[in-house]
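What follows is a single structure, written as structure tokens, with notes after it.
Every number in this text was worked out from the coordinates using simple rules, so none of it is lab data. Keep in mind it's a predicted model, so treat the numbers as computed, not measured. Because the Cβ atoms are built from the backbone with ideal geometry, glycine has one as well, and the counts that use them run over all protein chains shown.
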Amino acid sequence: MARILIVDDSPSQLLGIQRIVEKLGHESITAEDGAAGVEVAKRELPDMVLMDVVMPNLNGFQATRTLSRESTTRHIPVVLVTTKDQDTDRMWGLRQGAKAYLTKPFSEDELSEVIERILQTIDRPPATA
């Protein structure tokens, strides 16, 4: 089981993504904007971050760049989950340090596949009984 931070300013998107994450058997943590997301990530050190882009205070590109450059959080993979669907947005997001980019609307299967694929690439200590 992984701990996944979901950062989105839309309550309905937050709940929808949270439902999928928990259905996969993972624990979810949430934050309502990029600035809060950075703080929660630093405090909780989740296994993964699912980050919206268009948010107040600190947008997802800025938050992703901050997390990917901080020594304490750079190991945490960030997946951008956003309505911004231009190739330039995708390229910019990946240049900020995102490991994957998923555009809204997405299917449950699409999000599940991205989560599981990214989690397979990280080194996590084995769960203790």
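Results, tabulated for the structure shown:
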{"item": "Computed E for R95/R74 - FRET, C-beta separation, R0 22 angstrom, nearest 0.05", "result": "0.90"}
{"item": "Note, ³J(HN,Hα) from phi for segment 9-22, Karplus 6.51, -1.76, 1.60, rounded to Hz, x at Gly and Pro", "result": "8, 9, x, 5, 5, 4, 5, x, 5, 4, 4, 5, 4, 6"}
{"item": "Over segment 3-120: Rg over Rh, Cα atoms, Kirkwood Rh", "result": "0.91"}
{"item": "L50 long-range amide H proximity, modeled H, under 5 Å", "result": "L5, I6, V7, V79"}
{"item": "Separation of the E22 and I122 label points, Cα + 7 Å toward Cβ, nm", "result": "2.0"}
{"item": "Modelled FRET efficiency - R0 30 Å, D85 with R43, Cβ distances, 0.05 increments", "result": "0.45"}
{"item": "Phi-based couplings in Hz for segment 36-46 (Karplus 6.51, -1.76, 1.60; Gly and Pro marked x)", "result": "5, x, 4, 5, 5, 4, 5, 7, 9, 6, x"}
{"item": "Aspartates and glutamates whose Cα lies under 16 Å from that of K84, excluding same-chain neighbours fewer than 8 positions away", "result": "D8, D9, D52"}
